[in-house]
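Taking it in order: structure first as C-alpha cells, then the write-up.
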Amino acid sequence: MKQELEKYFDRLWPICRSITGNGLRESFHILQELIPLQLEEIPSGTPVFDWEIPDEWNINDAYILAPDGSRICEFRKNNLHVVNYSMPIDREMEYDELVKYIYTLPKQPDTIPYITSYYKRNWGFCMPHALFSKLPQKGKYKVHIDSSLQKGSLTYGHLVLPGETDEEILFSTYLCHPSMANNELSGPLALAFLYKELAKLPKRKYTYRFVVAPETIGVIAYLAKYGTAIGKKIRAGYVLTCCGNEAPFVYKRSKQGISIADKAAEHVLRYGSTPFSIIDFAIGGSDERQYCSPGFNWPVGSLTRSMYRTYPEYHTSLDNKSFISFEALEKTIETYFNIARALEMNERYTNKIPYCEPQLGKRNMYPGEAGWIKAGDHLYNLLHFLSFADGSIDLIDISEKRSKSIFDFEAVIRECKDKGLI
Amino acid sequence: MKQELEKYFDRLWPICRSITGNGLRESFHILQELIPLQLEEIPSGTPVFDWEIPDEWNINDAYILAPDGSRICEFRKNNLHVVNYSMPIDREMEYDELVKYIYTLPKQPDTIPYITSYYKRNWGFCMPHALFSKLPQKGKYKVHIDSSLQKGSLTYGHLVLPGETDEEILFSTYLCHPSMANNELSGPLALAFLYKELAKLPKRKYTYRFVVAPETIGVIAYLAKYGTAIGKKIRAGYVLTCCGNEAPFVYKRSKQGISIADKAAEHVLRYGSTPFSIIDFAIGGSDERQYCSPGFNWPVGSLTRSMYRTYPEYHTSLDNKSFISFEALEKTIETYFNIARALEMNERYTNKIPYCEPQLGKRNMYPGEAGWIKAGDHLYNLLHFLSFADGSIDLIDISEKRSKSIFDFEAVIRECKDKGLI
Amino acid sequence: MKQELEKYFDRLWPICRSITGNGLRESFHILQELIPLQLEEIPSGTPVFDWEIPDEWNINDAYILAPDGSRICEFRKNNLHVVNYSMPIDREMEYDELVKYIYTLPKQPDTIPYITSYYKRNWGFCMPHALFSKLPQKGKYKVHIDSSLQKGSLTYGHLVLPGETDEEILFSTYLCHPSMANNELSGPLALAFLYKELAKLPKRKYTYRFVVAPETIGVIAYLAKYGTAIGKKIRAGYVLTCCGNEAPFVYKRSKQGISIADKAAEHVLRYGSTPFSIIDFAIGGSDERQYCSPGFNWPVGSLTRSMYRTYPEYHTSLDNKSFISFEALEKTIETYFNIARALEMNERYTNKIPYCEPQLGKRNMYPGEAGWIKAGDHLYNLLHFLSFADGSIDLIDISEKRSKSIFDFEAVIRECKDKGLI
C-alpha cells in the first residue's frame, strides 16, 4: 500500500487547491481513481445555514518583481507564496505599500506561512522572513496575481457504500489546502484507501458514508443538503485529518464523549500497539465542529497523529513530504479499518443456554481430562463470553471485562454461532 | 475595606455575647450600621421544633476573691473567665468546693478556655491552668457572679435583599460567642460586608437572604418560623464562620454534596488564587447541621479557613485579634462575592444558530485573515461556548470543559447577547 | 473452635470423595454432626438444564504392580494416585501403553497431581514425576483399579435456617474433592461452623440457606430443582472455598458487581483487620459460575484466601493439612459471620425528628457543659447518624460517610431505638 500512497501523494501534492476552483476539481478527479466519489457543485451565492457559498477562485500565476528585476514569491515554485483567495492585481508599488501585503513568520525565518482570506476580499504574498528582511526598501516593486474571483461553484464529493442495514458509519475528510502534507493530503489519502479495504469485505453490517469536502464551508454545504436525512442513521463517524506522520495517535472524542464512536476507537487504541492519547472534544479542530454543532451533535470523533496547531510545521511550507511517513499513514488506515471491524463485530449477544453453564464436553468444546489446568486462553474466553452474554452489554464491554481486545473473541463468536449457542 | 473591618471588629470585640441577652442585642445594633437587619425577639419558653427558647441571660460582673483578698477571674478583664450562662452566686466556699466549678486546659496552661452551660443550670469560672495550680488550697474563697437568668427573649436578625426572581441565595452566620475572633467575629463581619457588595450590584437575578442568629438555638428558632416558607425558594446557601485567618480555604459541602451551592463554590475555589481543600459534609459543624437536617436538607455548604475544632486556639482566649488577619478576611469576603457572581452568571444558554457554526466574519466577530493562528483565547472561548451552549449544560460546566473560570466567559456572553446569538 | 475444626478435618481428610458415590455420602454424614443438612439423591441420567447426572462412581482399591513386583501408585496410601472416575481395569501391559495413562507434574517432580475424568470414560494414575522417571521401561506392568461406574445417584445437602422474613442469604460450598485441604475441606468446614454461629443468634432478620453439593454438576442439579423458587428471595450469597490458609483475603465480586452482597463483604473487609484485595467477577472460579449465569445472575460473591489456580499447591498432594491453618480458617468463619451481622444491621433508618437536630440534653444523651470539646466519638456517631438517617441511604453508607464500621454504630442504633428517635 505504501508505494500506492506515495504515488498518489506525488500526483496530488503540486496542485493549488482552495475551497473552490479547478485545483480542487482536479484533485477530486485523481481521488476518483481510488474511490468512486460522486461530485456535486453548489453554486456561488447559495445560502447554506448561516453561510453563503463564496465566489469561485482560480489562479494561473503570481509573483513579485523586485526593483532589480528579479522574481520573488513565485507561485509556480510554491503555491503557498500567494495568499489563498487573493484578488487579481497587476501594478507597481513602493516597498512601504507592499509590506502591508506580505506575511512572514519571524520566529521560523526560513519558512513560508500558509494564509487565506476567503471571506474578506484581499490579496497578499507569503515568504520566508529571512528573505523578506533582505528586500531593498527603495525602488519600485511590481506585484502580479493572475487570479479570478467570480460566480462559479463549490465542489464536494461523497459516496455511500451499502451494508446490510441503513445504519451508517461516516468517514469525512477535507480537500482545500494547497501543497501541505500532514494537514491536507494525509486525510483524503487515508479515506480513499480505507474505502478500498472496506469495499473488499464480503459483508458489512453497516452502511459506510464517505465525505470529501472543503473544510468548514464544504461540510456546511453538505450538511445543509443532507444533514437532516442522514442524522437519524449515523451511528458513528470520524474526521480523518493530520494522520500521516510518525507521532503517536491522538483520539479526540465526539462532543457526546461516550458515544459508540468513542468507545470503539478507544478500545482499538487501548489494545493496539501504537502509543496514543485521548482528549475530550474541544473547539479548534476540523469538521467535527460542524458535525458536533448543537443542532446535529453527531457521534463524530477524530483520530489524528500530530494534530492541527500542535506542531511547528503546521500551516507552513515545512508540512511537506519529508514531514510525513507512508508507513505511519498505512498504520493509520489499518487502525481506522480496525475501528470499523470492531463496530461490525460489536453486538449484544445472548447465550441461548442461560441457566447454568452449557456442558461444553458433549459439544467437543472442552479440552479434556486435565480440564482447567491445561486449558488455554480460548476456554476462558469462551466461558467468559457465555457468562456475560446476557444481552445487556455489548462485546466491547465483555472484552474489556477480561482486559482483552474484541478481536480476541473472533474465534469464540464463530464457535458459538457454529454450535448454536448464540 | 480592611480599616473598616478592623474598626467594627474593635467595637464588637469586648462585648459579652451569649445566645440571649443585652450583649447580643448591642452587637446587633452595631452590625445594623452595616446591614439593615430586621431584629426579632422570640420569648423564653417558646417551643421551636424539638427545643424551647431558654431563659434570657444577662451579666454585670463576676470574679473570685482569693483568701488573700486578691481578685482573680475578673469578668471585666476577660469575659471568658465566667462560664457562659452561669447562674448568679455570691458566697464563700472552701478550695475543695471551688475546684468543682473551675475549668482549665492543662495542656495549654496559659490559656483561658471558653465554656458554656446553656441548658443545664450551673455556674463556673475559667482560668489559665498555670494560675489555677498556684491557688492556695487553704482559706476561704468568695465567688461572685452578678448575673440574671429569667424570662426574656432570644434575638436574631435577618434581611432579604430582593432580586429579579424570588429564588434565594442564603448567607447565614451566628452571633453568640463572647470575645473570640476567628470563631465568632469573622462570620458576622464577613456577612455584613458581603451584603454591602451585593447591595451595590445594579441588578441581581437572585434574591439574597441574610440570617444572623445565635448558633443552633437561634437558627432552630428561625427555621421554626420561616423554614417551610423559605425551603421551596432556596437554591444555594452558605454558613459564614471561622473565615478570618490566613489559613487556606476549606469548603465543606452541603449534605446533598452535588448541589449548585457546592458546584459554584468549588468552581470559584478551583480557578481562584488561594489554596483550598474540599471536604464532605460532616456533623460537628455549625448551623449547616440544622439547614441540612433530614427534614430540610437544603443545599447549604460552608467556606471556612481554620475550621472549628481543628486549631488549638479554638474556643480559648488565644482566638483573638492577633490570630486573624483583616486581609485574609477581605479575601474571604471577595471569594464569597465571587461565588455569588458565579451563581448569577450561571445559566443554561442556548445558541440560536444551532446547525453548524455561525459565520463570525460577517458579524465582525472574527479576527481576520491569519485566522486561527493569530486568534487569541477570546475566539476559542467564543467558539467553545457556541458549540456547547445547547441548553443541556450550564455555564460552569461549559467553562470547566475548557478548564477555565466562568469569569473568563463574561466577554463572550456579553458579545453573544449583543449579536443576538443567544 | 480451632480444636473442633481440626478434629473434623482429620476425620474428613482420608475419605475419597468424588461428585457421586459413597465417599461423598460418608462425608455428608460427618458434616451432619455439625449442621443438620437434608440430603437428596438425584438419580443417574436425570437431565439438569444442559447437563445429565452421570453414573455413580465407587472405588475400593487401585495400584500398579511394577515388573519387579513392587506396588506403586497405591490408592490406599493416597487417593490422588487414581484418576477420579477411573473405569475398572485389571490387566497387564507394556510400559509403552502404560505411560499414556500416567499423569505427572514435571515442574513439581515430588508432587502427585489431582486429575479427574468425569464425563469421558477413561482411567489413569497420578504420581510424582521423580518416581515416574525411574520406572523401568521393560517388563510387564499390571494395573489394577477396583472401581465401579453404574447407575446410582448424586448426593447433595441443604438446610434452611429461618429468620423473620423469607428474604434469603445463601452460603454455598462444594464437596467432591478427595484428600485436599484448602481447595476442599476449608469450604464445608467453614460453612458448617458458620451455621453453628448463625443458629445461636436470638433473632435473625434474614432466612439463611446452606447448600453443600458436588461442584458444578451438584449445584446445577440443585438449581434445576430449586433455582426458580429461590431466585426471588435471594438478597445476597457467597461461595465458601479456598479459605483455610494464612494468605490475605480475596473477595471476588458477584457478576452484578454492586450488589448488597458485595457492599456488605467489602465494607466488613475494609474495616476489618486482615489484609485483603477485591477482584471483579471472572470466569474460572467455583459455583458462582452457576449462580451468576445469565439466567440467574444472583448477587453471589466469594470470599477466599489463596484462591483456586493461584497457588502452586492447588490441585496437588501439597494442598494438605500443613498448607492450611485452623486459626486462619476460624478468622474466615468470623469474617463471614460479620458479613451476615452487617447484612442484619443494615437498614434504611429514618430519624423521627427530622426538622433541625433533636435536643439531646433533655434526653440525657448529651455529655455536659464542655459540650463538643469533651465529647467523644459516640456523640459524633450519634449526630452523624441522626443527620443522615433520612430513609434514603442505608447504614453501611452512613457508616462509610464517617469512615467507620457499621459495628461502630451498634450502640447508637440501640440508644436511638430506646429513646424513640428511630
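Below is a table of values for the structure above.
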read-out: Within segment C:290-337, tally of residues that are polar (S, T, N, Q), free of Cβ contacts under 8 Å to residues at least 12 places away in the same chain and at the interface with chain A (Cβ under 10 Å from one of its Cβ atoms); value: 1
read-out: Residues being assigned to a loop (DSSP other than H, G, I, E, B) and more than 17 Å from B:Ile115 (Cβ to Cβ) - total across segment B:43-65; value: 7
read-out: Subset of segment B:200-232 [away from chain C (no Cβ under 14 Å), over 14 Å from B:Gly295 (Cβ atoms) and either in a loop (DSSP other than H, G, I, E, B) or among the acidic types (Asp, Glu) (or both)]; value: B:Leu201, B:Pro202, B:Lys203, B:Arg204, B:Lys205, B:Tyr206
read-out: Some residue of segment B:278-299 being of a type in the set (Val, Ile, Thr) and surrounded by 22 or more Cβ atoms within 10 Å (Cβ to Cβ); value: no
read-out: Counted residues, segment C:402-416 - those being in a loop (DSSP other than H, G, I, E, B), without any contact (Cβ under 8 Å) to a residue 60 or more places away in the chain and surrounded by fewer than 18 Cβ atoms within 10 Å (Cβ to Cβ); value: 1
read-out: Filter result for the condition that a residue is acidic (Asp, Glu), facing another protein chain (nearest Cβ under 10 Å) and in contact (Cβ under 8 Å) with a residue 24 or more places away in the chain, over B:Asp287, B:Asp262; value: B:Asp287
read-out: Extreme residue, farthest from A:Glu344 (Cα to Cα), among residues of segment A:165-174 that are over 10 Å from the mean Cα position of the chain (by Cα) and not acidic (Asp, Glu); value: A:Leu170
read-out: Residue count, segment B:1-16 (criterion: assigned to a helix (DSSP H, G or I), aliphatic (A, V, I, L, M) and surrounded by fewer than 17 Cβ atoms within 10 Å (Cβ to Cβ)); value: 0
read-out: Among the candidates B:Tyr141, B:Tyr119, B:Tyr85, residue that is crowded, with 17+ Cβ neighbours inside 10 Å, in contact (Cβ under 8 Å) with a residue 60 or more places away in the chain and closer than 28 Å to B:Arg11 by Cα; value: B:Tyr85
read-out: Segment B:376-401 residues that are at the interface with chain A (Cβ under 8 Å from one of its Cβ atoms) and under 18 Å from B:Pro354 (Cα atoms), paired with ones that are assigned to a helix (DSSP H, G or I) and of a type in the set (D, E, K, R) (beta carbon under 9 Å, 6 or more apart); value: B:Leu383/A:Arg289; B:His384/B:Lys401; B:Ser387/A:Arg289; B:Phe388/B:Asp397; B:Phe388/B:Lys401
read-out: Residue among A:Ile30, A:Ile19 that is of a type outside the set (Ser, Thr, Tyr) and assigned to a helix (DSSP H, G or I); value: A:Ile30
read-out: Considering residues of segment C:19-38 that are under 18 Å from the mean Cα position of the chain (by Cα) and within 20 Å of C:Leu149 (Cβ to Cβ) only, the residue surrounded by the fewest Cβ atoms within 10 Å (Cβ to Cβ); value: C:Ser27
read-out: Matching helices (runs of 4 or more DSSP H) fully within segment C:233-350 where at least 2 residues are hydrophobic (A, V, I, L, M, F, W, C), within 15 Å of the chain's Cα centre (by Cα) and under 30 Å from A:Ile393 (Cα atoms); value: C:260-270
read-out: Members of segment B:343-362 found to be more than 7 Å from every other protein chain (Cβ to nearest Cβ) and either in contact with a strand residue (DSSP E or B) (Cβ under 7 Å, 6 or more places away or on another chain) or modelled with pLDDT under 95 (or both), listed by number; value: B:Leu343, B:Thr350, B:Leu360, B:Lys362
read-out: Residue match in segment A:39-46 (condition: among the charged types (D, E, K, R), surrounded by fewer than 19 Cβ atoms within 10 Å (Cβ to Cβ) and in contact (Cβ under 8 Å) with a residue 40 or more places away in the chain); value: yes
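The values are calculated or read from the model by the stated rules, or taken from the named source; none is laboratory data. None of these values were measured; they are calculated from a predicted model. Note: ideal-geometry Cβ built from the backbone for every residue, glycine included; neighbour counts use all protein chains shown.
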